[in-house]
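The values are calculated or read from the model by the stated rules, or taken from the named source; none is laboratory data. Here the structure is a predicted model, which is why all the values come from computation and not from measurement. Glycine gets a Cβ as well: all are built from the backbone with ideal geometry, and neighbour counts include every protein chain shown. Please note that ligands, DNA and RNA were not included when accessible areas were found on the heavy atoms of the full protein model with its side chains. Shrake-Rupley method; radii C 1.70, N 1.55, O 1.52, S 1.80 Å.
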Amino acid sequence: MSTASGVSAGSVLQLPSFRVPAKRFLPRRTAAGAPAGNFFVKRDIIYNRSYHQFLPLKHIGGLQAAVLPVTPPLLDGEGKKKQMAEEYGFTQIGDELPDDITLKDVMDTLPKEVFEINDVKAWTSVLISVTSYALGLYFIAKSPWYLLPLAWAWTGTAVTGFFVIGHDCAHKSFSRNKLVEDVVGTLAFMPLIYPYEPWRFKHDRHHAKTNMLIEDTAWQPVWQKEIESSPFLRKAIIFGYGPIRPWMSIAHWLIWHFDLKKFRPNEVPRVKISLACVFAFMAIGWPLIILKSGLAGWFKFWFMPWMVYHFWMSTFTMVHHTAPHIPFKSSEEWNAAQAQLNGTVHCNYPQWIEILCHDINVHVPHHISPRIPSYNLRAAYDSIKQNWGKYVNEANWNWRLMKTILTRCHVYDKERYYVPFDELAPQESQPIKFLRKFMPDYA
């Protein structure tokens, strides 16, 4: 079948690149909306639909002056979603939730029993974490040097379970007694030197503003003005959102949780108590570890498991809310139900990780209602799959999924959602090019 232009349907029309002359190069836009300057106009094809991309011939300080793709809708048709899922490392990319569906509509379909607190199950999760952590410390003490990475991986994953227990306490899904939750949450966070109350205050905002530009406190995409601000900052951001992104939660921990000026006056007293507990652990716990086993023992028994914990903190956060097809939106465009259901990813991990981390990866129901205890998340997700399954994003943890996040999801763009660093700063994006070349692409 041919179109009016004489081109058969489904074929790819290739147009030659050509030069658009201009008197001077400026990183600005013309009245027509295209960037002024010398450009090649290149015609490409995405999912059998074409778009134009303006490619500047010159750069300023290593930055491309403009990247202005006009892309088709990202979620358009089952075949395209399957193609995107394969490309990104997903097993399913969900339909966009209709605008008239509210978060309450979704929540009302959940069975009431998933909200029920069970003290036996709650304290069983504590027992699992304490036992697995103690076992990990034993492995570290007895392992030869070549088995230490395995011991650290187990112990760091086990101590991540402490965080999940504190996480339940912060959401009032651990106990019916608020004092018990405050005590358990504070104690669970102490070995991580994570101040419980500062994290709780900021994490509540993450749930209220998930994937909202500026407002979401879990993380934000990079703004183009940030990477244009200075060469040093640009290199630091590219490296941080690239190779060391699985440990960027350390920067988040430092920036968000120790500065009293980031909290409301009524929050400050509780913040100070949490900070005092963390500093007490550092002042008492660290010297005891060093006294017993030396600085090498501190490195073996505390620091390396702590680094594994931050690997999981960063990885869970990235995977839960980051993909090329999941947008950050301004407050004017943001929709709570879409952000929580469409903007949260269910990801399956090896079973031992899910057990030690108390199913924190079953994250969609947690964003529908944070009041669901961790031990009820799977039952809640089964209900969501039955009632809202076509809107859910799902993946199995794999190399391609991580590679997609680390090499594509960088700078905010309203139309494309993300622009990779190496499109904007190709000369300084060697870390991204390295990851793209050498990271495995297995899905």
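Counting only protein heavy atoms and using a 1.4 Å probe, what share of the accessible area of segment 215-301 belongs to carbon plus sulfur, as a whole percent?
73
Students sometimes get this wrong: rank 304, 402 by accessible area, probe 1.4 Å, all chains present, largest first.
Working: 304 45, 402 20 Å².
Correct descending sequence by accessible area is 304, 402.
Please sort by residue number the trypsin sites (Lys or Arg not before Pro) in segment 383-426 whose DSSP state is loop and whose Cβ has at most 14 other Cβ atoms within 10 Å. Provide the component values of the computation, followed by the final result.
Values: sites: 385, 390, 400, 403, 408, 414, 416; in loops: 414, 416.
Those satisfying the criteria are 414.
Mind ranking 372, 250 by accessible surface for me, highest first, 1.4 Å probe?
Largest accessible area first, the residues go 250, 372.
Restrict the search to segment 80-168; then list the GluC sites (Glu not before Pro) that DSSP places in a loop and that have at most 14 other Cβ atoms within 10 Å of their Cβ.
Within segment 80-168, the qualifying GluC sites (Glu not before Pro) (loop, at most 14 other Cβ atoms within 10 Å) are 116.
Using a basic spin-label model with each label point 7 Å from the Cα along Cα→Cβ, how many nm lie between residue 95 and residue 113?
3.0
Report the calculated FRET efficiency for residue 82 and residue 266 (r = Cβ-Cβ distance, R0 = 60 Å), to the nearest 0.05.
Working: r = 50 Å, r/R0 = 0.83.
Efficiency computed from Cβ-Cβ geometry: 0.75.
Need one value: the accessible area of residue 179 in square angstrom, 1.4 angstrom probe, rounded to the nearest 10.
Residue 179 has an accessible surface of roughly 120 Å² with all protein chains in place.
Let me check something: with ligands and nucleic acids excluded, how do 187, 291, 213 order by accessible area (1.4 Å probe), largest to smallest?
Ranked list, largest accessible area first: 291, 187, 213.
Under the Karplus relation 6.51 cos²θ - 1.76 cosθ + 1.60, θ = phi - 60°, what is the ordered set of whole-Hz ³J(HN,Hα) values for segment 320-327, x standing for Gly and Pro?
Result, ordered by residue: 5, 9, 10, 6, x, 9, 9, x Hz.
Quick check: the distance between the Cα centres of segment 255-303 and segment 183-221, to the nearest angstrom?
16
Is segment 218-298 best put as rounded, prolate or oblate by its Cα gyration tensor, with a ≥ b ≥ c the root eigenvalues, rounded for a/c under 1.5, and otherwise prolate when a/b is larger than b/c, oblate when not?
It is oblate, given that a/c is not under 1.5 and a/b is not larger than b/c.
Considering Cα pairs under 8 angstrom that are at least six residues apart, work out the relative contact order of segment 387-441 and quote it in whole percent. Don't jump to the answer; show the numbers that get you there.
Numbers: 44 pairs, mean separation 18.3, N = 55.
Result for segment 387-441 is 33 percent.
Counting every Cα pair in segment 273-372, what percent are over 25 Å apart?
45
Sequence gap at least 6, Cα distance under 8 Å: using those rules, report the relative contact order of segment 267-418 to the nearest whole percent.
Once normalised by length, the contact order is 24 percent.
How much accessible area does residue 108 have with a 1.4 Å probe, in Å² rounded to the nearest 10?
100
So, with a 1.4 angstrom probe, what is the percent of accessible area on segment 302-386 that is carbon and sulfur?
Summing carbon and sulfur atoms, their accessible area is 56 percent of the total for segment 302-386.
Rounded to the nearest whole Å², what accessible area per residue is found for segment 163-230 with the 1.4 Å probe?
34
Run the numbers for residue 225 and residue 430: contour at 0.36 nm per residue of separation, minus the present Cα-Cα distance, in nm.
Working: separation 205, 0.36 × 205 = 73.80 nm, distance 2.00 nm.
Additional length available on full extension: 71.8 nm.
I'd like the accessible area for residue 369, computed on protein heavy atoms only with a 1.4 Å probe and all protein chains in place. Round to 10 Å², please.
Taking all protein chains as shown, residue 369 has close to 10 Å².
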